[in-house]
Amino acid sequence: MSIPLNSLRVAIVGSGPAGFYAAEALQKAAPGIAIDLIDRLPTPFGLVRGGVAPDHPKIKSVTRIFDRIASQPGFRYLGHVHVGQDVSIEELRARYHVLLLCYGADTDRTLGIPGETLRGSHAATEFVAWYNGNPDYAAAQFDLTQGEVAVVGIGNVAMDVARILAKPTTVLAGTDLADHALQALAASQVHTIHLVARRGPVQAACTTPELRELGELDGVDVVVDPRDLELDAASAEQLASMEDRNPAKNLEVLRGWAERPLSGARRRVVFHFNASPVALGGSEHVESLTIVRNRLEADGRGGVRAVATDETETLPVGMVFRSVGYKGRGLPGVPFDDRNGVVPNINGHVVEQAGSERTLPGLYVAGWIKRGPQGIIGTNKLCATDTVNQLLADVAAGDVPTLADDVSGIDALLAERGVTVTTWADWQLLDKVEQERGAAAGRPRVKFTDVREMLEVIAAQRVAG
């Protein structure tokens, strides 16, 4: 039996871009539709708040769109609700016609090399979460007394990590960088940041604006070996066939740096192209990173693959950040494809297992947990819209389950369990206080990084009225 759209009850898990864009698509299809957006933290916006670099405030302006979505009739924000602990997937599916998972990818891929578990070996995702004030990582420790560090990877996250390590804190002090990170970075002794890329400049995943920023930092020299910019035949052919001009622009920037005389600046960013990490050295703490030189050859599919040579180099680094991709994690009660780090699905409709065509009624995914960590913030809009279109087609076909009459609502269940649920109005109170603290310090905001403190501030603001 088909359920009228205006009678549909939808829960979305995850309040990042995918979650909000899914809500927007549903609202356009059925104004006033009942949507509960659930997040583990009292604060919304996912990686827009906890992943976007603090010195890139324009990117964060997308939250104005999310504010508008949250103001629509039928929308509710249920913050500080941990799905899988406070409430199970099965309990949510019993209370909503549709459950849409948009909780992203918050773990990292490993390098799989000896020494990776040594102290001083970190995921770049942890460092990003730490300097952005994610409560899960506010207490993390990074040994910034080390003079040389390495970042393995050359995507935009790697660029962010290198830039935050190299950028003067006098500049970072004007951003919403977490206070604990600002203090630690002000005392940093890091002077050399090695960027290690498995393949060449043509295959670099970073975008040109993010790459170019490294060469615009005060007090920083960028070191590029001109030999790394001499393209092999496969890379030259790949570059010539690309419609995307980003690689050509990256190459132009890198060639400019290779020709630019070094100034003797206090800090350096050193690029190592065609190099793969093979081992971290040290007894208890990272003392070195050994890399192997690669040669590139055509892979037969229009791309190139890296093939290790017998030429190695050891970098005298005391800390390593691996930035080789985010990876999703499973939730109890939801099928998971561990190999690809996603929930298996067909057009966003969750299936029983990877490779299966048997869909689970009323269960959907969007964003990185659907497709993997690819694209930019705006990519999630198309992804979420595609899932919602599939969802709407299923509703029209009568393929969405009905709900039992005797099941209590989510509010009663969470209240019974003593869960302190925060609302959108609560977030607005917290947001106001963060901005007021920032204004007093000449900054956009000063973030709260402890969940208990967030809840106390919200409670106090409610009383103050």
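Looking at this structure, is E287 touching a helix residue (DSSP H, G or I) at 6+ places or on another chain (Cβ under 6 Å) and among the charged types (D, E, K, R)? When the stated conditions are applied, E287 does not pass them. For region 152-223, the helices (runs of 4 or more DSSP H) that sit wholly inside it and include 3 or more residues that are buried (at least 18 other Cβ atoms within 10 Å of the Cβ) and in contact with a strand residue (DSSP E or B) (Cβ under 8 Å, 6 or more places away or on another chain) are 156-166. Applying the criterion of being basic (K, R) and under 13 Å from T422 (Cα atoms) to the residues of region 440-465, the residue that is modelled with the highest pLDDT is R452. Looking at region 379-396, can you tell me whether even one residue there is assigned to a loop (DSSP other than H, G, I, E, B) and surrounded by 15 or more Cβ atoms within 10 Å (Cβ to Cβ)? Among the residues of region 379-396, not one is assigned to a loop (DSSP other than H, G, I, E, B) and surrounded by 15 or more Cβ atoms within 10 Å (Cβ to Cβ), which makes the answer no. Criterion applied to G300, G264 was being part of a loop (DSSP other than H, G, I, E, B) and either closer than 30 Å to A240 by Cβ or in the same structural domain as H82 (by TED's automatic domain parsing) (or both), and the one residue passing it is G300.
I'd like the residue in region 92-132 that is of a type in the set (G, A, S) and touching a helix residue (DSSP H, G or I) at 6+ places or on another chain (Cβ under 7 Å) and, out of all such residues, is modelled with the lowest pLDDT. If we take residues in region 92-132 being of a type in the set (G, A, S) and touching a helix residue (DSSP H, G or I) at 6+ places or on another chain (Cβ under 7 Å), then A105 is modelled with the lowest pLDDT. For first residues located in region 332-351 and assigned by TED's automatic domain parsing to the domain that holds T387 and closer than 15 Å to G372 by Cα, partners that are basic (K, R) and assigned to a loop (DSSP other than H, G, I, E, B) and lie 6+ apart or on another chain with Cβ distances below 8 Å form the pairs F336/R329; G341/R109; G341/R329. Restricted to region 1-60, and to residues there that are among the aromatic types (F, W, Y) and not in a loop (DSSP other than H, G, I, E, B), the residue that is surrounded by the fewest Cβ atoms within 10 Å (Cβ to Cβ) is Y21.
In summary, V419 fulfils each of the numbered conditions (1) part of a loop (DSSP other than H, G, I, E, B); (2) in contact with a strand residue (DSSP E or B) (Cβ under 7 Å, 6 or more places away or on another chain) with the single exception of condition (2).
Would you please name the residue that is nearest to the chain's Cα centre (by Cα), looking only at residues in region 240-251 that are surrounded by fewer than 18 Cβ atoms within 10 Å (Cβ to Cβ) and in a helix (DSSP H, G or I)?
Here the residue is N246.
Within region 361-378, if we keep just the residues that are touching a strand residue (DSSP E or B) at 6+ places or on another chain (Cβ under 8 Å) and under 14 Å from I12 (Cβ atoms), the residue that is surrounded by the most Cβ atoms within 10 Å (Cβ to Cβ) turns out to be A366.
Listed by first and then second residue, the pairs linking a residue in region 71-89 that is under 15 Å from L101 (Cβ atoms) to a residue that is hydrophobic (A, V, I, L, M, F, W, C) and assigned to a strand (DSSP E or B), with Cβ atoms under 6 Å apart and 6 or more places separating them unless they lie on different chains, are L78/I38; V81/I38; V83/V13. Among the candidates D411, D406, D399, the residue that is exposed (fewer than 12 other Cβ atoms within 10 Å of the Cβ), assigned by TED's automatic domain parsing to the domain that holds V83 and within 20 Å of E91 (Cα to Cα) is uniquely D406.
I'm checking my understanding of the structure. Among residues of region 91-118 that are among the polar types (S, T, N, Q) and part of a loop (DSSP other than H, G, I, E, B), which one is farthest from V388 (Cα to Cα)?
T117
The values are calculated or read from the model by the stated rules, or taken from the named source; none is laboratory data. All of these numbers come straight from a predicted model, not from anything done at the bench. For neighbour counting, all protein chains shown are included, and Cβ atoms are generated from backbone atoms with ideal geometry for every residue, glycine included.
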